[in-house]
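Read the structure below first, then the notes.
The values are calculated or read from the model by the stated rules, or taken from the named source; none is laboratory data. Only a predicted model underlies this, so the values are computations on that prediction, with no experimental measurement involved. Positions of Cβ are generated from backbone atoms using ideal geometry, with glycine treated the same way; all protein chains shown enter the neighbour counts. Surface accessibility is based on the protein's heavy atoms, side chains included, excluding ligands, DNA and RNA. Shrake-Rupley method; radii C 1.70, N 1.55, O 1.52, S 1.80 Å.
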Amino acid sequence: HVSSVFDYLEEVHVSLPGTERSLRNYIRFLQETGALELKRKARTYQKVEELPYGQQMQVDFGQATTDSGLKLYFFAAVLSRSRYKLAYCQARPFTTLDVIRCLLIAFREIGGLPRELVIDQDRLLVVSENHGDILLTKEFRDFVQEQGLSLFVCRKADPESKGKVENLVGFIKKSFLDARDFTDLPEAQNSLRKWLVRRANGRRSAATGLIPGEALEE
């Protein structure tokens, strides 16, 4: 992805002689002359109803392996209205307590709690569904009750219910990881924090026309 390559170059060199469009035109020239061949995948877009500020946070997980073989596990969250994005990574699978820790860090970062959390039926958070009643793991149930959160539990890979955070997981893999390689966790975590500020929350959202970092303040 051109945006991923440009973002990586911007991170390394800070100031670039051209814009992302310049890089895109150069790559198009390479393709037209046969010097470069890219594999393309079709993208699916889903229009989702906008919610009021502070109403909803969507949560999901992802994992990826860098070229050097470092396996990264991601916690991803997005505020539905502002599109403010949060993400944390570690080098081992998440536990329920890890998820709770990430949520608390996220709440501190945004300066409050959303009215509603949207999650899917991940084994870390949901034990089972019993005739329509969602049974939460004990640690997560206690956390939700303590924080006074409302939950919306959907099926896995449900773009209508949590498409925004599923898009974020894909965005992390394409825009952040495609052009980067990490050999140790602290390096990956530090780079991810910078990418969130500069790219994920610092650029205008195509969906809302707003910059997520500024929209969060509103």
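Observations on the model:
- Any chance Ser68 is on the phi < 0 side of the Ramachandran plot and either open to solvent by less than 60 Å² (accessible area, probe 1.4 Å) or of a type in the set (A, V, I, L, M, F, W, C) (or both): no
- Close Cβ contacts (under 7 Å, 6 or more residues apart or on different chains) running from residues in region 1-14 that are modelled with pLDDT of 75 or more to residues that are open to solvent by 30 Å² or more (accessible area, probe 1.4 Å) and assigned to a helix (DSSP H, G or I) comprise Val2/Glu20; Val2/Leu23; Val2/Arg24; Ser3/Glu20; Val5/Leu23; Phe6/Glu20; Phe6/Leu23; Glu11/Lys194.
- In this structure, Glu187 does not qualify as under 18 Å from Ala64 (Cα atoms), under 15 Å from the mean Cα position of the chain (by Cα) and either at pLDDT below 90 or part of a helix (DSSP H, G or I) (or both).
- Residue under evaluation Ile211, criteria (1) modelled with pLDDT of 95 or more; (2) touching a Cys at 6+ places or on another chain (Cβ under 9 Å), criterion not met: (2)
- Subset of region 101-115 (residues that are part of a helix (DSSP H, G or I) and either of a type in the set (S, T, N, Q) or open to solvent by less than 20 Å² (accessible area, probe 1.4 Å) (or both)): Cys102, Leu103, Ala106, Phe107
- Just one residue in the set Ala188, Ala215, Ala206, Ala179 is at negative phi, free of Cβ contacts under 8 Å to residues at least 24 places away in the same chain and of a type outside the set (S, T, N, Q); that residue is Ala206.
- Test result for Ile134, of a type in the set (Val, Ile, Thr), open to solvent by 20 Å² or more (accessible area, probe 1.4 Å) and either more than 13 Å from Ala87 (Cβ to Cβ) or touching a Gly at 6+ places or on another chain (Cβ under 9 Å) (or both): yes
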